[in-house]
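To start, the structure itself, in C-alpha cells.
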Amino acid sequence: MKLRIANDELQMTPAQAAGQKTGRPFEIRHSKLWRAFTLIEVMFAVVVFCTATFVILALVANSLSNARRLQQPMVDAGVVASWLSQTNQLETGIQHVNLGELLGDPYNNYTCTYDVEKAGTNKLFRVDFIVQNDRGESGTKPVVSQMSILLYSPNSPDTP
C-alpha cells in the first residue's frame, strides 16, 4: 500500500498494512522533484532585505550627522559681550575681533564685529555684536549670532 503525501511517498510493508506491529516505522522515500521557492517568495524576501538595509543606512547617516554637529564649536555673541564688559574703557566706533585669538584654535574661522556708540548721558553705551563664520560659501560670511547690549563704563572717554 502506498500513500502519497505532497511530493513524498509513504510506504508500508504488507505486515503493517495488515495491522500487525513491526519494529520498523514507515519508510519515506523522496521523489525526484525538488521543492523550490516561488517567484513571489523570492521577491518578498528581496523587498524585506532592501527595506531593512535602507533603514539601517538612514540610522547610520543620522548618527554621523549628529556626531559631526557635536564636533563643531557653539559660537555665541555673549562670549564677546562678557569679554568686552570686563574692559575698563570703551571706545566708540566699529571694532573687529578674531575669536580664535580670544577663545582658542577651534574658533579660528569666526570673527566678531562690534559697534560701540553712546546711548545717552552718564557714560551709557550701546554695543551691537555680529559673529560671522569666515568659511562662508561663495565669499559670503554667514551671520552665526547677533546681540545688542547696554554697558555702563564710567572710565570711558567722553566723546560726542
Review point. Can you find a residue in the stretch 73-96 that is touching a residue at least 40 places away in the same chain (Cβ under 8 Å), touching a Lys or Arg at 6+ places or on another chain (Cβ under 8 Å) and in the same structural domain as residue 145 (by TED's automatic domain parsing)?
Key: yes
Review point. Within the stretch 72-87, how many residues are loosely packed, with under 12 Cβ neighbours inside 10 Å and over 17 Å from residue 124 (Cα atoms)?
Key: 2
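The values are calculated or read from the model by the stated rules, or taken from the named source; none is laboratory data. Bear in mind the structure is a predicted one, so any value in this text is a computation, not a measurement. Every residue, glycine as well, gets a Cβ built from its backbone with ideal geometry; the counts of neighbours run over all protein chains shown.
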